[in-house]
Amino acid sequence: MRKLVVARRASQGIFFLLFLSAILPLGRLLPGLSHPGVFFRIDPFIMFSIWISERVIFSGLWIPLAMLLLTLVLGRFFCGWICPLGTMTDWAGALRKKERVIAERTNRKIRNVKFYVLGLAFLSAVSGGRTAWGLDPMVMVEKAAGTIVALVRHLQPYVGALYGFSGPTGPLFPDTGGYFPPGSEALFSVFLIVCGAALFVPRWWCRMICPLGALYSILARISFLRRVVAGSCAGCNACVKNCRMGAIRDDGSYAAGECILCMDCVYDCPRSAAGFTLRRGSTGPGQPLPRSRDG
Ligand code: SF4
Ligand code: SF4
C-alpha cells in the first residue's frame, strides 16, 4: 500500500475542505475559520507583499515565517500537501490519459520563469502595487469559488423555474455582493486555464509561474529532508518519467527546489531504491546515496 501517497491525498482533501469552509460559511461550524484571511495569514508571498507595499508589519507575521522555517526543514510540503490550487491541478491531472515528459533542458529553462514572476511581484509591491493579489494561488481559488457561488445564485431562479425547484440557497451559497466579486472574472479565467492545461502538462503552473511556489522553492533547495537513492537503483528512469514536477534528472539526481514531496517516486521504483531522509552523510555500502540537490 502506498501509505505516504494516501496520507498526502488525505491531507490535500482535508485542507481543501478547510479552505472551502473558510470561503463558504461552512466555517460557522468551525469557529474562527469563516474567512479566507485565515489561509492568507499562512501565505508568506501575500504577507510579505502587503508588508512591502503598505509598510505594515502584522502581529501574525510569525505564521508565514514559521511556514518558511518548516520549508527549510521539509522542502515544499505546502505545495504537495496543502495548497488548494495544487490539489485541484492534481485532480485535473488525474484525468490525463497519457503522461507527458518534458525534456530536462526545457524543464530547467521554464522553471526559472517563476523566480522572475516573484521578483516582479515584489518590485511592484515596492511601488505600492498589488500584483501579488493577481498571482497568488489561494486568492485565485478564493475568487474562482466566489465566482461559482455567484453564478449559482444568479442562475438559480432560471434553472428553478425550468425544473420547478428552488435550488441551493442559504448558508452554503451566500450572497457574494454582486454578480461577480471584484476582480473575479479575470482570476476565474486564469483558474480555468491553470486547471485545464494541467490535463496536458502536470503541475505546469507550479513548475513555471507560481510566485508562492518560487518563494518556497528557494528555501527547499537547501532543505534538510532530501531524496536519496540506494545503490540498488537499476537506472530504469521510471521515477524520471512519472515525477509530476519534472524534478528528477536523467542521471537520477533531483532538483530539491522543485520537489513537492508527492512521494510517488518512493513507490514507482520497482526496486524500492528511492526514499527521503533527514539524515546526513549516509553513504556507506548498502546505504542510501545522497544525490545532487542544486537547482
Ligand atoms: S507552486 Fe503555487 S500553486 Fe503550486 S502548489 Fe505550490 S503554492 Fe500552490
Ligand atoms: S522527486 Fe519524487 S517526491 Fe518529489 S515531486 Fe518528484 S516524484 Fe514527487
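The values are calculated or read from the model by the stated rules, or taken from the named source; none is laboratory data. What you see is a predicted model; the values in this text were computed from it and never measured. Using ideal geometry, Cβ is built from the backbone for each residue, glycine included, and neighbour counts are taken over all protein chains shown.
Scanning the stretch 225-237 for residues that are farther than 26 Å from Lys98 by Cα and free of Cβ contacts under 8 Å to residues at least 60 places away in the same chain, we see that the one that is nearest to ligand 1 (Cβ to nearest atom) is Ala230.
Cβ separations smaller than 7 Å between residues 6+ apart or across chains give the following pairs from the stretch 51-66 residues that are without any contact (Cβ under 8 Å) to a residue 40 or more places away in the chain and surrounded by fewer than 16 Cβ atoms within 10 Å (Cβ to Cβ) to residues that are among the β-branched types (Val, Ile, Thr) and part of a helix (DSSP H, G or I): Val56/Ile50.
Could you please let me know if Phe19 is at pLDDT 80 or above, within 30 Å of Asp264 (Cα to Cα) and either loosely packed, with under 14 Cβ neighbours inside 10 Å or not polar (S, T, N, Q) (or both)? In short, yes. Return yes or no: is Ile222 surrounded by fewer than 22 Cβ atoms within 10 Å (Cβ to Cβ), assigned to a loop (DSSP other than H, G, I, E, B) and modelled with pLDDT of 90 or more? So Ile222 passes the test. A single entry from Ile248, Ile222, Ile260 fulfils the requirement of being among the β-branched types (Val, Ile, Thr) and within 16 Å of ligand 1 (Cβ to nearest atom): Ile260. With respect to Leu187, determine if the residue is in a helix (DSSP H, G or I), at pLDDT 90 or above and out of contact with any Asp or Glu (no Cβ under 8 Å at 6 or more places or on another chain). When the stated conditions are applied, Leu187 does not pass them.
Whether a residue is among the aliphatic types (A, V, I, L, M), modelled with pLDDT under 95, more than 16 Å from ligand 1 (Cβ to nearest atom) and within 17 Å of Arg111 (Cβ to Cβ) was assessed, and Val240 passes this test.
The listed residues are Ala94, Ala121, and the only one of them that is aliphatic (A, V, I, L, M), out of contact with any strand residue (DSSP E or B) (no Cβ under 7 Å at 6 or more places or on another chain) and in contact (Cβ under 8 Å) with a residue 60 or more places away in the chain turns out to be Ala121. Would a scan of the stretch 59-80 turn up a residue that is modelled with pLDDT of 85 or more, under 14 Å from the mean Cα position of the chain (by Cα) and aromatic (Phe, Trp, Tyr)? Checked against the condition, which is being modelled with pLDDT of 85 or more, under 14 Å from the mean Cα position of the chain (by Cα) and aromatic (Phe, Trp, Tyr), the stretch 59-80 yields at least one hit.
Checking Ile46, Ile14 one by one, the residue that is surrounded by fewer than 19 Cβ atoms within 10 Å (Cβ to Cβ), at pLDDT 90 or above and not small (Gly, Ala, Ser) is Ile14 and no other.
On inspection, Asp136 does not qualify as of a type outside the set (A, V, I, L, M, F, W, C), farther than 18 Å from Trp51 by Cβ and within 15 Å of ligand 1 (Cβ to nearest atom).
Would you say Leu69 is surrounded by fewer than 20 Cβ atoms within 10 Å (Cβ to Cβ) and either free of Cβ contacts under 8 Å to residues at least 12 places away in the same chain or charged (D, E, K, R) (or both)? Spelling it out, Leu69 is indeed surrounded by fewer than 20 Cβ atoms within 10 Å (Cβ to Cβ) and either free of Cβ contacts under 8 Å to residues at least 12 places away in the same chain or charged (D, E, K, R) (or both). Of all residues assigned to the stretch 85-94, at least one qualifies as being of a type in the set (Asp, Glu), in contact with a helix residue (DSSP H, G or I) (Cβ under 8 Å, 6 or more places away or on another chain) and within 16 Å of ligand 2 (Cβ to nearest atom). Selection over the stretch 96-126 of residues that are of a type in the set (S, T, N, Q) and exposed (fewer than 14 other Cβ atoms within 10 Å of the Cβ) gives a count of 2.
Just give me the residues in the stretch 186-203 being closer than 25 Å to Arg96 by Cα and surrounded by fewer than 22 Cβ atoms within 10 Å (Cβ to Cβ), in sequence order. Phe188, Ser189, Val190, Leu192, Ile193, Cys195, Gly196, Ala197, Leu199, Phe200, Val201, listed by residue number.
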